1. Among the residues in the stretch 100-107, are any hydroxyl-bearing (Ser, Thr, Tyr) and part of a helix (DSSP H, G or I)?
2. Which residue pairs have Cβ atoms closer than 6 Å, lie 6 or more positions apart in sequence or on different chains, and pair a first residue in the stretch 167-186 that is part of a helix (DSSP H, G or I) with a second residue that is among the hydroxyl-bearing types (Ser, Thr, Tyr) and open to solvent by 30 Å² or more (accessible area, probe 1.4 Å)?
3. Looking only at the stretch 114-159, which residues are hydroxyl-bearing (Ser, Thr, Tyr) and within 18 Å of Val186 (Cβ to Cβ)?
4. Hey, any hits in the stretch 108-122 for a residue that's in contact with a Lys or Arg (Cβ under 8 Å, 6 or more places away or on another chain), open to solvent by 10 Å² or more (accessible area, probe 1.4 Å) and outside any strand (DSSP E or B)?
5. Out of Glu89, Glu125, Glu140, I need the residue that is of a type in the set (Asp, Glu), in contact with a Ser or Thr (Cβ under 6 Å, 6 or more places away or on another chain) and more than 21 Å from Phe12 (Cα to Cα). Which one?
6. Any residue at all in the stretch 182-204 that's open to solvent by 20 Å² or more (accessible area, probe 1.4 Å), under 17 Å from the mean Cα position of the chain (by Cα) and of a type in the set (Lys, Arg)?
7. Specify which of the listed residues (Arg73, Arg93) is open to solvent by 10 Å² or more (accessible area, probe 1.4 Å), in contact with a Gly (Cβ under 7 Å, 6 or more places away or on another chain), modelled with pLDDT of 95 or more and farther than 29 Å from Asp176 by Cβ.
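The values are calculated or read from the model by the stated rules, or taken from the named source; none is laboratory data. What you see is a predicted model, and the numbers here were worked out from it, not measured in a lab. Glycine also receives a Cβ, built like all others from the backbone with ideal geometry; neighbour counts cover every protein chain displayed. Accessible surface areas use protein heavy atoms only, side chains included; no ligands, DNA or RNA. Shrake-Rupley method; radii C 1.70, N 1.55, O 1.52, S 1.80 Å.
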Amino acid sequence: MDTDTQKMAARFTDTVNRAPGVKLWLLHPLLTLLAAGEPVAVDQLADRAGRTADEIRQALADMPDTEYDTDGRIIGNGLTQNPTPHRYETGGRTLYTWCALDTLVFPAIIGHTAQVTSPCWATGEPVRLTVTPDGPTHVEPATAVVSLVTPDAPASVRVSFCNQVHFFTSADAAKDWLAEHPGAQVLPVADAFEVGRPVVEKALADGTATATNTTDGDCQRSRCNSPLPSA
């Protein structure tokens, strides 16, 4: 990472750490369940996370952007079953994400590969890429960039951050958007992944730190749900 990217990574990590609606310890189990393409019940998430249902409900109460179905099951938090511009295909399932950066970091957190398609915010031309746990590959067009912002203490992560994080076919295509968003910047797709890498690592570490005995007592979460590959 060059110096500018390192600075952006530090600001982004600080923004995530201060955001009240982000629970990094819950990210791995929740995303893993959502990636199966089915609504997630609280008890199911509690079992996966090694927490009580009450702890999960308390955490979700602090995550106002979370999406639910009519039965109160989770259908979206970063990764969602509701259509957005960011198409995320994995394991024969079509899902979506709230923002461009989500498409880059979720494969590293979940431990799978995704095919991503998202329109350039300025031109509508599709940006396509493959994202593995080690980062993005086969980016088309190769000149594609991602816009990033670092809002102060965002009450809603989706409104303050996600809704400003887009793909563009090139830095030149993003010029008008940047002029309207002072303080924002655009980075090549690979550099945007590097900005998100510290959050990936912390999410995986926090998830492992919550390891506890499963209800049947036969294994530890740290063994039953093995840590995912490092980004």
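1. yes
2. Qualifying pairs under 6 Å: Ala173/Thr123.
3. Residues satisfying the conditions are Ser118, Thr123, Thr143, Ser147, Thr150.
4. no
5. Only one candidate qualifies: Glu125.
6. Checked against the condition, which is being open to solvent by 20 Å² or more (accessible area, probe 1.4 Å), under 17 Å from the mean Cα position of the chain (by Cα) and of a type in the set (Lys, Arg), the stretch 182-204 yields at least one hit.
7. Among Arg73, Arg93, only Arg93 is open to solvent by 10 Å² or more (accessible area, probe 1.4 Å), in contact with a Gly (Cβ under 7 Å, 6 or more places away or on another chain), modelled with pLDDT of 95 or more and farther than 29 Å from Asp176 by Cβ.
The rows are residues; the columns are (1) touching a Phe, Trp or Tyr at 6+ places or on another chain (Cβ under 7 Å); (2) open to solvent by 40 Å² or more (accessible area, probe 1.4 Å).
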{"site": "Leu104", "(1), (2)": "yes, no"}
{"site": "Arg128", "(1), (2)": "no, yes"}
{"site": "Pro133", "(1), (2)": "no, no"}
{"site": "Val146", "(1), (2)": "yes, no"}
{"site": "Pro151", "(1), (2)": "yes, no"}
{"site": "Val159", "(1), (2)": "no, yes"}
